[in-house]
1. Would you mind telling me which residue in 159, 77, 148 has the biggest mean-square fluctuation in a Gaussian network model of the chain, where springs connect alpha carbons within a distance under 10 angstrom?
2. Ignoring everything except DSSP H segments at least 4 long, calculate the 222 nm mean residue ellipticity for the chain; use -39,500 (n - 2.57) per segment, divide by total residues, nearest 500.
3. Treat each spin label as a single point 7 Å out from the Cα along the C-beta direction, and report the residue 213 to residue 238 distance in nm.
4. Taking only Cα atoms and a 10 Å spring cutoff, compute GNM fluctuations for the chain and point out the largest among 28, 118, 206.
5. What angle, in degrees between 0 and 90 and rounded to the nearest 10, separates the Cα long axis of helix 18-28 from the longest principal axis of the Cα atoms of the chain?
6. Contour minus end-to-end for residue 118 and residue 80, with contour as 0.36 nm per residue of separation and end-to-end as the Cα-Cα distance?
7. Would you mind checking segment 250-265 for residues with the amide N under 13 Å from a putative spin-label position 7 Å along Cα→C-beta of residue 56?
8. Quick one: of the DSSP bridges fully inside segment 6-122, what percent are antiparallel, nearest 5?
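Values in this text are rule-based calculations from the coordinates and carry no lab data. Just so you know, these numbers come straight off a predicted model, no measurement behind them. With ideal geometry, Cβ positions are generated from the backbone for all residues, glycine too; neighbour counts draw on all protein chains shown.
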């Protein structure tokens, strides 16, 4: 049994971006993080607007973050009068952001240990120091590439499936190359931020930024990593990747774009609107 403190955080975590992930990363510095995730109805009641993503999808995404130990559902509570709870879970410390004033007041009134994380603590994109446990069996090295611009559950599912083939290395396209391939207005998020989000997923062993150009902008990284497998999804099966792999003796896998069970299909194009 772990001797780390049991840490509670709570919220809707609807369409989380890097500041939210940074918050969870900071929370993990206090112990094992349990996310008490609001139901769709509770999220709408508290925020005054419907969620963008349903509970199952939010739970899948947040649960895939390497900073999170578990996700528990909470429903029917008012943050002005009570803290959320889940059967069998008693946190040692609550971690709150500076906007959660009601929760802070409740902790103070009840004498509960809590930590406040200020927004200024969430600057930058430090890669996590939590690495996967080494496998007792030698695994193949797998590489995937892409822009990963508006990060969503479809990306997480892709990483989950690719990591089933071996230790997963993700090469994120550098900003200039994404503009070259997709046009002005791309990417929405800078390369360091995109790499940070990619590396926050527990299925990823390493995340890098490409240094080449064109559809094979990751060629320098591939030469250095020497992967056994190059995995792409159906949309990424282009740009001479298959031929490159044949020439270099790399297995080439095309994965179907199938969402995690029970979740809707997602694409960055649809989410960002262009």
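1. 77
2. The helix-only estimate for the chain comes to -8500 deg cm²/dmol at 222 nm.
3. Those two pseudo-labels are separated by 2.0 nm.
4. 118
5. 60
6. Extending this stretch completely gives an extra 11.6 nm.
7. 259-265
8. 5
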